[in-house]
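Remarks on the structure that follows.
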Amino acid sequence: MTAVAIRRAGPDDAAAVAALNAHVQGWHAAHYPEAFFPQPDPAALTAHFAGRLSEPGVTCLLAGDPAAGYALCSLQERGLSVFSPPVRRLMIEHVAVAPQVRRRGIGAALLAEARALACALGVDEILLDTWEGNHAAHAFFEAQGFALRRMLYRATP
């Protein structure tokens with residue numbers, strides 16, 4: 001396995017991120033059709049990512065050239081409250097690796113770079129958002145040192 005080059009994405013990389021997001025969006029739409037559109041408008045999706053990549057506190061890590069994977073991370077800060085101490089966390093909102101290049105260390109390299117980003121930002125914790133049915137991703141995340149922390153239940157009225 002060769003080293004994977006990781007760089008920070010900018011707004012000009014929005015189309016590449018949107019393209020990498022397509023298979024993830026498709027998986028989510030297939031498993032949770034009530035919550036996800038199967039094929040969002042490509043121009044709107046690119047515009048969405050361009051906006052996100054311009055937000056303060058948002059870092060998108062791109063792997064490879066051409067890009068073969070990404071991790072979209074956001075810095076979250078919560079102040080002291082009556083319930084809990086203050087916290088700074090890095091939320092990994094998306095992790096995507098193109099299906100044709102999986103199991104080549106790209107996802108692990110993205111998560112390692114996210115950990116380095118977390119250290120540089122001086123955060124207290126790293127959280128990763130995932131859906132209950134994504135069992136293959138769960139096994140990967142656990143192999144990378146993540147552990148289940150909380151669960152979200154859903155009901156319809």
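In table form, for the structure just shown:
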item	result
Whole-Å distance, taken between Cα centres, linking segment 1-53 and segment 103-157	17
Three-way shape label, the chain, alpha-carbon gyration tensor, a/c 1.5	rounded
For segment 95-103, Karplus couplings with θ = phi - 60° (6.51, -1.76, 1.60), whole Hz, Gly/Pro x	9, 9, 10, 3, x, 6, 10, 5, 6
Cα gyration tensor, segment 72-157 - rounded (a/c under 1.5), prolate or oblate	oblate
Accessible area of the chain divided out per residue, in Å², using a probe of 1.4 angstrom	63
At most 12 other Cβ within 10 Å, DSSP loop - GluC sites (Glu not before Pro), segment 112-157	132
Furthest towards positive pole of dipole, 101, 126, 87, structure part segment 85-145, Cβ charges	101
Among 68-77, 35-44, 91-100, 21-30, the order from most to least packed when residues are scored by Cβ within 10 Å on average	68-77, 91-100, 21-30, 35-44
Within the accessible area of the chain (1.4 Å probe), percent carbon and sulfur	58
Three-way shape call for segment 42-112 based on the alpha-carbon gyration tensor, with the a/c threshold at 1.5	oblate
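The values are calculated or read from the model by the stated rules, or taken from the named source; none is laboratory data. The structure presented is a predicted model; accordingly, all values stated were derived computationally and were not measured. No Cβ is skipped: glycine too gets one built from the backbone with ideal geometry, and neighbour counts run over all protein chains shown. Each accessible area value is taken on the protein alone, full model and side chains, heavy atoms only, with ligands, DNA and RNA left out. Shrake-Rupley method; radii C 1.70, N 1.55, O 1.52, S 1.80 Å.
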